[in-house]
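Notes for the one structure printed next.
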Amino acid sequence: MSIAQLITIKDIARELNISVSTVSRALRDAYDVNPDTKSKVLKKAAELQYRPNYNARGLSQGKTHNIGIVLPFITNYYFSTVITGIQKTAYMHGYNIILFVSDDSPDREIDILRALSLSSLDGILISTCCDSAEHIREIADHGIPVVFFDRTGNINGSKVMQDDYNGAYEATLHLIRQGYKNIAHIAGPKGQRFTENRLNGYKDAFKVHGFPLREEWIIHSGFSQECGQRDTSQLLA
């Protein structure tokens, strides 16, 4: 049988001369299938390079086994690491991931979510670059689970977050302990919760040591390489 041909459970059943329902139960690891039969089915499935048809399975189970991921960048080391972790866990549980990149643009993020085919997704993981949440509420109102990570905005919902406040506090404290006093802070976009938490950690480390806060040394910007170069040049000038 050609590898390019789509292999179905009917093909496996025909090869083994057993019923389609038996093959289906064996692949689902059902309790009522003879172990020897189950072993033959799995062996034949591997031999024929059978791949589950998740679209067809979704019709019967109400699942697509697809998870959408919306994030600002893929070139950023942090986000590339996050994608690797999501992908590993998703594949381990039989799910595929569909990636959408907003380029750190609120308008682009809104367009992405409003153009999604919701029937093709079981859920969405999002690191939002938007202050408002109306476009995300529209997704949730359709019954699609949404989980925020990293950039969660000022939005209620399920979130996976790091400790931005203490991370910034400890980083600033480390520099102070090394004897540095002229410490600037290149912050993220205004209005984002993680930006405010990091900024508060930076400010509180200054306050604890009685250092004067210089507002001109705090720059709100984006996370692209171009933003980093511009912000650093501004500080050095």
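Assuming charge only on the beta carbon of Lys and Arg (+1) and of Asp and Glu (-1), the dipole of the chain about its Cα centre is about 780 debye to the nearest 20. The accessible-area ordering, largest first, of the residues Thr152, Thr75, Thr37 stands as Thr75, Thr37, Thr152, per a 1.4 angstrom probe. Straight-line cross-link partners of Lys44 among the aspartates and glutamates, defined as a Cα under 17 Å from its Cα and at least 8 positions apart when in the same chain: Asp11, Glu15, Asp29, Asp36. Our helix-only sum for the chain, with -39,500 (n - 2.57) per DSSP H run of n ≥ 4 divided by its residues, gives a mean residue ellipticity at 222 nm of -14500 deg cm²/dmol.
Only one residue of Ile86, Tyr169, Leu113 has its Cα farthest out toward the positive end of the dipole of region 74-219, where Lys and Arg carry +1 and Asp and Glu -1 on Cβ, and that residue is Tyr169. Using a cutoff of 8 angstrom between alpha carbon atoms and counting only pairs six or more residues apart, the relative contact order for the chain works out to 12 percent. Across Ser24, Ser158, the residue with the most accessible area heads the list, and the full order at a 1.4 Å probe is Ser158, Ser24.
In summary, the helical segments of the chain meeting the span-like criteria, namely a full DSSP H run, a Cα extent along the axis of 15 angstrom or more and a mean Kyte-Doolittle hydropathy of at least -0.5, are 77-92, 164-177.
Pairwise Cα distances in region 108-155 exceed 13 Å for 53 percent of all pairs. For the pair Leu236 and Leu175 in one chain, pulling the backbone fully straight at 0.36 nm per residue adds 20.2 nm over the alpha carbon distance.
In a simple Cβ point-charge model (Lys, Arg +1; Asp, Glu -1; nothing else charged), region 146-237 has a dipole of about 120 debye relative to its Cα centre.
Could you run the Debye sum over the Cα atoms of region 188-237, one equal point scatterer each and no solvent, and tell me log10 of I(q)/I(0) at q = 0.17, 0.19 Å⁻¹, two decimals? Those come out to -0.60, -0.72, one per q. Between Val160 and Ser132, the C-beta separation translates, for a Förster distance of 30 Å, into a calculated FRET efficiency of about 0.90. When the Cα positions of Ala13, Ile219, Gly157 are compared along the charge dipole of the chain, Ala13 comes out farthest toward the positive end, with charges on each C-beta of Lys, Arg, Asp and Glu. Three principal axis extents of the chain based on alpha-carbon atoms, in descending order, are 82, 37, 31 Å. In this structure, the residue pairs whose Cα-Cα separation is over 24 Å, taken from Lys63/Lys88; Lys159/Lys207; Lys159/Lys181; Lys10/Lys88; Lys159/Lys190; Lys181/Lys203, are Lys159/Lys207; Lys159/Lys181; Lys10/Lys88.
Take every pair of alpha-carbon atoms less than 8 Å apart whose residues are at least six positions apart; their mean separation over the length of region 114-219 yields a relative contact order of 24 percent. One decimal place: the segment Ser19-Asn200 gains 58.6 nm when fully extended, by the rule 0.36 nm per residue minus the C-alpha distance.
The values are calculated or read from the model by the stated rules, or taken from the named source; none is laboratory data. Predicted model only: the values in this text are computed from it and were never measured. With ideal geometry, Cβ positions are generated from the backbone for all residues, glycine too; neighbour counts draw on all protein chains shown. Each accessible area value is taken on the protein alone, full model and side chains, heavy atoms only, with ligands, DNA and RNA left out. Shrake-Rupley method; radii C 1.70, N 1.55, O 1.52, S 1.80 Å.
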